[in-house]
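Novice: What follows is a structure written as structure tokens; I'll ask about it next.
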Amino acid sequence: MALLLAAAALGAGCAMADRVSGISQAKELQEKGESAEATILEIWDTGWTVNEDPVVGFTLEVRRTGRPAYQAKTKLLVSRVQVAAFRPGAVVPVLVDPKDPSKVSLDVYDFGDKKTKKYKV
């Protein structure tokens with residue numbers, strides 16, 4: 001019984017980390033999102049870390065084909081060795097929810113096997 005409770009707590013903790021870090025939205029948009037391009041306008045430290053990697057907030061100027069550019073905010077867990085790649089002015093690939101374009105995620109992870117995350121950049 002204690003083992004089941006421990007496993008449930010661990011699963012809940014992982015799900016919470018995915019939501020707080022932006023990983024759950026990134027996974028969702030990797031399945032159903034439309035590709036676009038964005039320029040990073042602003043970054044900030046959200047105050048959250050997961051395994052010593054920061055969760056970074058982003059203000060983006062999103063450009064979708066055939067549509068006017070717009071600003072969106074998102075957050076994502078960024079490896080501390082990759083933080084320098086995500087600076088204001090950098091152009092990054094993003095995924096946009098076609099039903100709610102305010103939902104945007106940087107398209108920098110490969111969740112292909114659903115068990116690991118690998119940087120594409």
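Novice: State whether the residues of the stretch 40-54 include one that is closer than 24 Å to Pro98 by Cα, surrounded by 14 or more Cβ atoms within 10 Å (Cβ to Cβ) and modelled with pLDDT under 90.
Specialist: No, there is no match, as no residue in the stretch 40-54 is closer than 24 Å to Pro98 by Cα, surrounded by 14 or more Cβ atoms within 10 Å (Cβ to Cβ) and modelled with pLDDT under 90.
Novice: Taking the stretch 63-91 as the region of interest, how many residues are on the phi > 0 side of the Ramachandran plot and in contact with a strand residue (DSSP E or B) (Cβ under 9 Å, 6 or more places away or on another chain)?
Specialist: Total meeting the criteria: 1.
Novice: Go over the candidates Ala17, Ala26, Ala36, Ala12 one by one and state the one that is at pLDDT 90 or above and small (Gly, Ala, Ser).
Specialist: Just a single option satisfies the conditions, and that option is Ala36.
Novice: Any idea which residue in the stretch 21-39 is nearest to Gln71 (Cα to Cα), counting only those that are surrounded by fewer than 16 Cβ atoms within 10 Å (Cβ to Cβ) and among the acidic types (Asp, Glu)?
Specialist: My answer is Glu34.
Novice: What are the residues in the stretch 24-45 that are of a type outside the set (A, V, I, L, M) and more than 13 Å from the chain's Cα centre (by Cα), if any?
Specialist: Glu31, Lys32, Glu34, Ser35, Glu37, Thr39, Glu42, Trp44, Asp45
Novice: Those residues that are under 14 Å from the mean Cα position of the chain (by Cα), modelled with pLDDT of 95 or more and of a type in the set (A, V, I, L, M, F, W, C), I need them from the stretch 63-91; list them, please.
Specialist: Ala72, the sole residue that qualifies.
Novice: Within the stretch 55-77, can you find the residues that are surrounded by 15 or more Cβ atoms within 10 Å (Cβ to Cβ) and not in a strand (DSSP E or B)?
Specialist: Matches in the stretch 55-77: Arg64 only.
The values are calculated or read from the model by the stated rules, or taken from the named source; none is laboratory data. In this text the structure is predicted, and so the values were computed from the model without any measurement. Methodologically, a virtual Cβ is constructed for each residue, glycine included, from the backbone with ideal geometry; neighbour enumeration extends over all protein chains shown.
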